[in-house]
Amino acid sequence: MDPPAIVGIHFSGNGVNQDLRPSLANSALNRGKIAGQATAGSSMSQNRSKRIASYATAGIVFLLLFVGLFLGIERRRTQAETGAVLSAFFSQEVLNDMQNVDAGRPITIVVMRDPDCRICTHPAIGLESQSWFAQSLKSRARSVSDAWFAQSSRTTRASFFLSSVLSTDINTDLRLPIGAQAVFVNPTELGTKQGDFDARFPNNFGFFVVSHVGLNLTKTEALLYVDHFCGGLCGGGGYVQMRKVNGMWRVVDHHETWVS
């Protein structure tokens, strides 16, 4: 039997045998290709992430623009009826017993613009936390799903929530019975010293804080929130439901949330 062949690697004086150089060159080339592919893959991944981020940003901007446009349309839709709703509320609920007021002096209904919770600490606790203006966004959304609100349509509730949750500033013309007038004031105009308020607004019923009005599609049902502060610890607040009957707004129900 022939002896086994012995395979050897021969080195020349200059290094590796000439026969091995092509294979080494190919190996280096392959490593370069792999590195290039990894770099290209990383670049593609980064570009994909950038595109996703751009699309997400554009989507958020579009959504915010849509919501802003929708809220603007809803606010304009309800604004036309706000004066009539508030006029009916004050006439029926506040001025229904005007004979007990000094007839020689006009009655002043003071409504605070850009309202907030005037009795609230931060965070609100106890009864004060029941005011619409003291609640968190989550609590406000949850409150309009309570059983009492089932009397109102979902459209009315949604309109009330959307109209009131992002903007609180309110100002409109009120038509009140003869002998009564309404003024809308900023919080700073209420005065800081005892007697300032009565001196500026004589013959008043304290002041009121009202939300924007929510309406159904046919504008025959309304929902709003009212806080009333009548001096010292006197006050109360709650939701008011109204309906338009024969072209006139009428208060049909209340849902008291706090009283002091």
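What follows draws every value from the coordinates through simple rules; no lab data is involved. Because the structure is predicted, anything quoted here is derived from the model rather than measured. A quick note on method: Cβ atoms are made from the backbone with ideal geometry, for glycine too, and the neighbour counts reach across all protein chains shown.
Observations on the structure shown:
- Distance between the 7 Å Cα→Cβ label points at ILE60 and ARG48: 2.2 nm.
- Multiplying the residue separation of ASN186 and ARG77 by 0.36 nm and removing their Cα-Cα distance gives an extension gain of 36.8 nm.
- Each of the peptides 152-159, 237-244 was scored by the mean count of other Cβ atoms within 10 Å over its residues; in descending order, highest first, they stand as 237-244, 152-159.
- Segment CYS234..ASP196, full-extension length gain: 11.9 nm, with 0.36 nm per residue of separation and the alpha-carbon distance subtracted.
- Ordering of 218-224, 230-236, 206-212 by burial proxy (mean other Cβ atoms within 10 Å per residue, highest first): 206-212, 218-224, 230-236
- Using the average count of surrounding beta-carbon atoms within 10 Å as a protection proxy, the listed peptides 84-96, 170-182 rank, highest first, as 84-96, 170-182.
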